[in-house]
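Everything below concerns the one structure shown next.
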Amino acid sequence: MGEVLLEDLTKDFGEVVAVKEVNLMIHDGEFVVLLGPSGCGKTTTLRMIAGLEEITSGRILLDERVLNDVHPRDRDIAMVFQNYALYPHMSVYKNMAFGLKMRKVAKDEIDRKVKSAAGILGIETLLGRYPGKLSGGQRQRVALGRAIVRDPRVFLFDEPLSNLDAKLRVQTRVELLKLHQHLAATSIYVTHDQVEAMTMGDRIVVMHEGVIQQVGPPMEVYQNPANQFVAGFIGSPSMNFLPATVRFEAGRTFLEGAGFRIPLPAERASGLQGREGGEVVFGIRPEDMRLGSEGEIEGAVEIIEPVGSDIFLDLNVGGASLTARVESSVRMSQGEHVRLHADPARVHAFDPETGETLV
Amino acid sequence: MSRKTMLRLGGALISVLTVGGVIVMLLPYFWMVSSSIKTGIEVFDLPIKWIPDEIQWVNYPNALTKGAFGVYFYNSFVVAFAVMAGNLVFCTLAGYGLAKFRFPHRELCFRLILSTLMLPLEIVLVPTFLVVRELGLVNTYGGLIAPLAVDAFGVFLMRQSIRDIPDSLIEAARMDGCSEFGIFWRIILPNCKPALGALALLAFRDNWDQFLWPFIVATTDDLKTFPLGLAQMEGIDSAAYHEIMALAVLGMIPAAFIFLFFQRAFVRGITLTGLKE
């Protein structure tokens with residue numbers, strides 16, 4: 001088992017509140033990603049679960065046992081650090097065996113576990129080497145191996161891929177997922193990279209300024225963001241935001257601004273009731289628009305960015321900037337005026353004051 | 001002048017300066033060794049005769065009969081070794097605490113320790129002696145060793161070195177089930193070997209040569225250290241420079257050995273540092 005429960009978890013460093021009243025249930029075997037910009041409290045939360053940071057208030061429970069005052073070594077939790085934290089003066093074998101040795105596990109049992117973990121990770125040939133002689137990817141595996149041999153109830157990952165180059169990062173991401181499927185252990189993974197979060201997490205926990213903004217499966221968070229922060233943080237290129245005014249005309253609702261006028265389907269407009277003439281933030285993702293002469297958005301092409309599979313167009317819409325994704329076959333030239341049609345099911349609107357999602 | 005010629009000239013200049021420096025540094029030692037194998041009169045000959053006509057090896061056994069030098073040697077060894085060990089233990093523990101633990105007024109503590117470096121020995125000599133006397137340690141090994149067993153510079157050196165060890169290593173060890181002392185012993189110490197080597201070397205050499213403090217605190221012959229014995233030779237026979245120099249050569253040997261030994265440890269240590277993340 002490995003069910004983690006965070007109850008009103010709070011951490012302050014003097015005046016600064018790093019984590020504020022976090023409530024979260026992580027189920028046994030689940031892969032949960034804590035996502036947010038740097039300083040959002042995700043790493044502090046992870047470190048509190050690990051026992052490396054004292055808790056100001058609230059509780060952490062693992063399988064209904066309160067961990068607040070339990071020493072890190074007695075929590076049955078293993079962690080993979082951002083810089084791997086391999087002991088430079090020990091061979092790979094000793095690095096992996098260290099935790100077991102400290103727990104007074106029998107020598108042949110240690111040997112069996114280390115070799116088995118090394119087999120899973122494909123690092124059998126590295127066991128005699130020192131960390132300084134390993135590549136970034138190899139160190140990463142050793143750090144994973146050190147966690148695996150302990151057979152913990154919960155794995156914690158603190159941005160483990162951030163020190164790898166882009167290609168290796170993608171490769172390791174896939175391997176980590178396979179490993180998770182193989183071990184089926186509860187994993188809590190911290191990252192600021194939303195692609196990692198989207199591809200790896202069973203659920204994503206988006207944090208900002210120490211507060212959880214939204215918890216949910218990746219696609220749900222992507223498609224139905226709880227607020228403007230989540231909407232802007234997840235997705236690359238990020239969602240477009242344009243200032244707009246709410247208009248009701250002939251029983252229909254429109255979002256209107258310089259260069260666009262978007263009709264909303266009746267079933268999606270309920271959140272805008274009572275806001276006639278009010279200011280909102282209109283949000284649309286680059287892929288939720290398509291070119292069309294009847295389009296409700298009009299703009300001039302400023303920059304054309306072909307990325308192979310698609311083209312990103314940076315448009316000037318009424319003085320504001322808007323990015324749209326179009327098919328790679330489309331031919332455009334700079335300065336050209338185009339019209340875009342917004343998918344009405346994918347249009348968002350946010351409260352300009354609170355950032356809360358209205359549509 | 002072309003760039004290449006300039007570079008070559010610069011290289012030559014550096015070589016000349018280095019060789020000059022080496023000569024300046026080695027000349028007193030050479031003079032010492034040379035004087036130790038001359039007769040008492042030849043020592044004062046001008047111009048200096050660097051290699052005497054007849055080598056006087058007999059100076060060495062003769063000099064050793066002028067005092068209880070076996071005892072002085074032994075005392076110096078005990079004191080220098082114990083002080084070195086004390087420094088290795090206490091400076092490393094203090095350095096670890098100051099580098100890696102968060103506690104109130106940590107920086108102030110560190111600065112206070114550092115500020116003692118600015119006090120010359122002469123200022124602390126009398127108060128230290130009074131304390132040692134009150135503790136009944138005058139004319140004991142304890143009195144010779146204890147006041148020197150921890151040193152502000154050593155604390156500084158170890159703190160700086162330990163600060164470079166990533167916190168995550170300590171945290172990983174903590175999660176791996178290592179006790180706090182285990183972390184110090186198994187993680188911190190092996191990763192600050194170069195600094196430990198430097199500290200051991202400096203502590204041994206400083207205290208092998210230590211004169212003033214033993215002079216104050218050790219008045220009986222059985223507790224005198226080698227430098228005290230050497231100084232006392234001048235009182236016995238102020239003209240016997242050939243024999244004094246013979247003793248000086250003998251006194252230099254242990255320090256030279258320690259240096260050679262730790263120099264190898266330095267190199268190993270530095271190789272290890274290269275393995276850090």
- Message: Could you work out [θ]222 nm for chain A from helices alone, using -39500 (n - 2.57) per DSSP H run of at least four and dividing by all its residues? Round to the nearest 500 deg cm²/dmol.
- Response: -7000 deg cm²/dmol
- Task: Quick one: order A:Val338, A:Val195, A:Val4 by neighbouring beta-carbon count within 10 Å, fewest to most.
- Result: A:Val195, A:Val338, A:Val4
- Item | Average beta-carbon neighbours from other chains, 10 Å sphere, peptide A:62-72 | 1
- Over the protein assembly as shown, the quotient of the Cα radius of gyration and 2.2 N^0.38 Å is 1.43
- Query: When the chain is fully extended, how far beyond the present Cα-Cα distance does A:Arg112 get from A:Glu267, taking 0.36 nm per residue of separation?
  - Reply: 49.7 nm
- Note on the structure: Each label sits 7 Å from Cα toward the beta-carbon; between A:Glu276 and A:Arg65 the label points are separated, in nm, by 6.3
- Expected integer from the mean partner chain Cβ neighbour count at 10 Å over A:144-157 is 1
- Per residue and in cubic angstrom, what volume does the convex hull of the Cα atoms of chain B have? 214
- Item | For A:87-94, mean number of other protein chain Cβ atoms within 10 Å | 4
- Task: Calculate the dipole size of chain B relative to its Cα centre from +1 charges on Lys and Arg beta carbons and -1 charges on Asp and Glu beta carbons; express the result in debye to the nearest 20.
- Result: 1240
- Would you kindly state how much longer the chain becomes between B:Thr65 and B:Leu93 on full extension, computed as 0.36 nm times their sequence separation minus their alpha carbon distance, in nm to one decimal? 5.7 nm
- Task: Starting from the Cα gyration tensor of segment B:36-85, take the square roots of the eigenvalues, sort them a ≥ b ≥ c, and report rounded, prolate or oblate (rounded when a/c is under 1.5, otherwise prolate if a/b is larger than b/c, else oblate).
- Result: prolate
- For A:Leu291, list long-range residues whose amide hydrogen, built 1.01 Å from N in the peptide plane, is under 5 Å from its own amide hydrogen. A:His341
- chain B, helix-only ellipticity at 222 nm - DSSP H runs n ≥ 4, -39,500 (n - 2.57), divided by all residues, nearest 500: -22500 deg cm²/dmol
- How far is helix B:3-36 tilted off the main Cα axis of chain B, in degrees rounded to 10, range 0 to 90? 60
- Message: Given points 7 Å out from each Cα along the Cα-Cβ axis, report the A:Glu54 to B:Phe77 separation in nanometres with one decimal.
- Response: 5.0
- Message: Would segment A:76-128 count as rounded, prolate or oblate if I go by the C-alpha gyration tensor, calling it rounded below 1.5 in a/c and otherwise prolate when a/b exceeds b/c, oblate otherwise?
- Response: rounded
- If each K or R counts +1 and each D or E counts -1, the residues other than A:Arg173 whose Cβ falls under 15 Å of its Cβ total -2
- Counting alpha carbon pairs within less than 8 Å and at least 6 residues apart, what relative contact order, in whole percent, applies to chain A? 15
- Task: Please go through the residue pairs A:Lys101/A:Lys133; A:Lys42/B:Lys193; A:Lys94/A:Lys167; A:Lys42/A:Lys113 and name each one whose alpha carbons sit more than 27 Å apart in this structure.
- Result: A:Lys42/B:Lys193; A:Lys94/A:Lys167; A:Lys42/A:Lys113
- Query: In degrees from 0 to 90, rounded to the nearest 10, what is the angle of the helix A:136-149 Cα long axis to the longest principal axis of chain A?
  - Reply: 60
- Note on the structure: On the formula 1/(1 + (r/R0)^6), with r taken between the Cβ atoms of A:Val16 and A:Leu177 and R0 of 35 Å, the FRET efficiency rounded to 0.05 is 0.50
- For segment A:166-242 and segment A:51-123, write down the distance between their C-alpha centroids in whole Å. 25
- Each label sits 7 Å from Cα toward the beta-carbon; between A:His27 and A:Arg290 the label points are separated, in nm, by 3.6
- Message: For segment B:73-125, which trypsin sites (Lys or Arg not before Pro) pass both filters: DSSP loop (anything but H, G, I, E, B) and at most 11 other C-beta atoms within 10 Å?
- Response: B:Arg102
- Neighbour-count ranking for A:Tyr93, A:Tyr189 (other C-beta within 10 angstrom, fewest to most) reads A:Tyr93, A:Tyr189
- Item | Listed residues B:Asn87, B:Asn62, B:Asn139, most fluctuating in chain B (Gaussian network, C-alpha, under 10 Å) | B:Asn62
- Task: Classify segment B:1-148 as rounded, prolate or oblate, taking a ≥ b ≥ c as the square roots of the eigenvalues of its Cα gyration tensor: rounded when a/c is under 1.5, otherwise prolate if a/b is larger than b/c and oblate if not.
- Result: oblate
- Fully extended contour minus Cα-Cα distance, from A:Ala250 to A:Lys101, at 0.36 nm per residue: 46.1 nm
- Query: Can you put A:Thr56, A:Thr43 in order, fewest other beta carbons within 10 Å first?
  - Reply: A:Thr56, A:Thr43
- Item | Cα-centre dipole for the protein assembly as shown with unit charges at Cβ (Lys and Arg positive, Asp and Glu negative), debye to 20 | 2120
- Query: Considering chain A as a Gaussian network with a 10 Å cut-off on Cα pairs, which listed residue, A:His192, A:His182, A:His341, attains the greatest mean-square fluctuation?
  - Reply: A:His182
- Message: On a straight-distance basis, which aspartates and glutamates could pair with A:Lys107 in a cross-link, Cα separation under 17 angstrom, same-chain partners fewer than 8 positions away excluded?
- Response: A:Asp151, B:Asp176
- Plugging the Cβ-Cβ distance of A:Met332 and B:Phe257 into 1/(1 + (r/R0)^6) at R0 = 56 Å yields, to the nearest 0.05, a FRET efficiency of 0.10
- Can you pull the three principal axis extents for the Cα set of segment A:1-127, in Å, largest first? 48, 30, 24
- Excluding A:Ser116 itself, what net charge comes from residues whose Cβ is under 11 Å from its Cβ, given Lys and Arg +1 and Asp and Glu -1? -1
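Just so you know, all these numbers are worked out from the coordinates, no wet-lab data involved. Keep in mind the model is a prediction, meaning the values are calculated, not measured. Here Cβ is always computed from backbone atoms with ideal geometry, including for glycine, and neighbour counts include all displayed protein chains.
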